[in-house]
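Notes to accompany the following structure.
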Amino acid sequence: MNHSPQPDASSASGEPWQQLWQQLWHAQALSPLDLSADELRRRSSALQSRVARRNRVEYLAGGLFVIPVYAFYIWFFPFWLTKLGALLVVLGTLVVLQQLRRRASCRTLPPEALGQDWAAFHRAELLRQRDAVRSVWLWYIGPLVPGFWLFLWGRETELAGRGMETVFTLTHAGAMLVLLLILVANWRAARRYQREIDVLDQQLGAAPTAPQGAAEPR
């Protein structure tokens, strides 16, 4: 009587494929990266240039446009609610610029710290930028929103009954869209910074984390 071979239970369950996936993940995650000290210096300098350029745009926009324009609105518009909203926008912009300098400025490596590992320094700067853009809703959007909406409320009150309802509805919708785009852009920037941090962690020999759902090898 012939006995046909029984399929192995572990093969039927797909365990060897899970083990193969796990091995491939570790092989890929632990591959050494070719990041020399010169390359790290280049990346660090590129990050500093990129951040400095971004901050300059913010400083110019706030100092040369937002603050002068809303300071003019404080003088120009007669209604007290509009004046108060414009004043809060000016104060909120000053808070944003101060927070931008404190949270998101790029720090240069001081001469006395030249012995510090470039990878550690670059990683600290990436962490600093990641945390800054992750919390942009708090220190960038938060200080501006109250004054802006109060300013719009004042203008709506001033112009009530003059057929401007559609204009103000579109203004509110446009402002909400801009805020959403700012949040999405900074969320994507935080993810990019995190990917760069993960690359450095590999270079520094940090233990990789396997993706969820991958079984541990037995």
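The values are calculated or read from the model by the stated rules, or taken from the named source; none is laboratory data. Since the model is a prediction, treat every value here as computed from it, not as a measurement. Glycine also receives a Cβ, built like all others from the backbone with ideal geometry; neighbour counts cover every protein chain displayed. Surface accessibility is based on the protein's heavy atoms, side chains included, excluding ligands, DNA and RNA. Shrake-Rupley method; radii C 1.70, N 1.55, O 1.52, S 1.80 Å.
Output the peptides 135-147, 174-186 sorted from most to least packed, where packing is the average of other Cβ atoms within 10 Å over each peptide's residues. Intermediate results must be reported in sequence, preceding the final value.
Working: 135-147: 17.1, 174-186: 12.2.
Going from most to least packed, we get 135-147, 174-186.
Does segment 53-103 come out rounded, prolate or oblate, given a ≥ b ≥ c as the square roots of the eigenvalues of its C-alpha gyration tensor, rounded meaning a/c under 1.5 and, failing that, prolate meaning a/b above b/c?
Details: a/c = 4.89, a/b = 2.12, b/c = 2.30.
Judged from the Cα gyration tensor, segment 53-103 comes out oblate (a/c at least 1.5, b/c at or above a/b).
Taken per residue, the accessible surface of segment 148-201 reaches 65 Å², heavy atoms only and a 1.4 Å probe.
If you model segment 54-184 as an ellipsoid using its alpha carbon gyration tensor, with each semi-axis the square root of five times an eigenvalue, the axes come out at 38, 16, 10 Å, biggest first.
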